[in-house]
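To start, the structure under review is shown below, and the notes come after it.
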Amino acid sequence: NGGVPAYAAYVPGSNAATFDANEWYSTNGTISTNGWKYQGNTYTTVATWNADSVVGTDLSVVPIFTGNQSPTSFTGYKLNATSALRRVGVDLNIGNVQDYSNRAFHHPPTIGAYEAASGDVAANRIAR
């Protein structure tokens with residue numbers, strides 16, 4: 001990378017970006033060696049990243065994939081019915097959008113490549 005530090009997210013100087021309802025999870029507990037860098041400010045935890053007014057709703061929870069925590073196939077990345085990431089995404093109201101397997105997203109959508117199937121457990125959702 002030419003000596004440039006790697007960040008989970010990097011927005012330089014006076015540039016702007018919007019981050020909302022993202023999942024930051026790592027099996028070893030380290031999202032990125034350098035954390036996040038936004039307009040000159042560095043954040044090292046999801047809590048400090050969310051404390052910035054431009055963010056505020058990102059998560060760091062165990063996703064609970066159907067293919068265990070280290071899936072070996074694309075479909076293994078579907079979320080288990082008890083995952084806290086089901087139907088807690090941000091509804092962008094951009095029309096008919098499909099997931100990785102061409103299924104329509106719910107409102108609100110699931111965080112991840114695959115939309116949640118019916119029958120999810122509402123008690124496991126994280127309130128936003």
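Checking Gly95 against (1) modelled with pLDDT under 85; (2) under 16 Å from the mean Cα position of the chain (by Cα); (3) more than 29 Å from Ala6 (Cβ to Cβ), which test does it fail?
It is condition (2) that Gly95 fails.
Filter region 98-119 down to the residues that are within 15 Å of Val61 (Cβ to Cβ) and either among the acidic types (Asp, Glu) or at pLDDT below 80 (or both) and list them by number.
Correct list: Ala116 only.
Hey, does region 80-90 have a residue that's of a type in the set (S, T, N, Q), closer than 17 Å to Ile111 by Cα, at pLDDT 80 or above and within 15 Å of the chain's Cα centre (by Cα)?
Scanning region 80-90, I find at least one residue that is of a type in the set (S, T, N, Q), closer than 17 Å to Ile111 by Cα, at pLDDT 80 or above and within 15 Å of the chain's Cα centre (by Cα), so the answer is yes.
Please list, ordered by first then second residue, the pairs with beta carbon atoms under 7 Å, 6 or more apart or interchain, first in region 71-94 and in contact (Cβ under 8 Å) with a residue 60 or more places away in the chain, second open to solvent by 80 Å² or more (accessible area, probe 1.4 Å) and in a loop (DSSP other than H, G, I, E, B).
What qualifies is Val88/Arg125; Val88/Arg128.
Could you grab me the full set of residues in region 64-92 that are farther than 13 Å from Asn22 by Cα, in contact with a Lys or Arg (Cβ under 6 Å, 6 or more places away or on another chain) and buried (at least 16 other Cβ atoms within 10 Å of the Cβ)?
Residue satisfying the conditions is Leu79 alone.
The values are calculated or read from the model by the stated rules, or taken from the named source; none is laboratory data. Note that the structure is a prediction, hence the values are computed from the model and not measured. Cβ atoms come from the backbone with ideal geometry, glycine included; neighbour counts cover every protein chain shown. Surface areas here come from the heavy atoms of the whole protein model, side chains and all, with no ligands, DNA or RNA. Shrake-Rupley method; radii C 1.70, N 1.55, O 1.52, S 1.80 Å.
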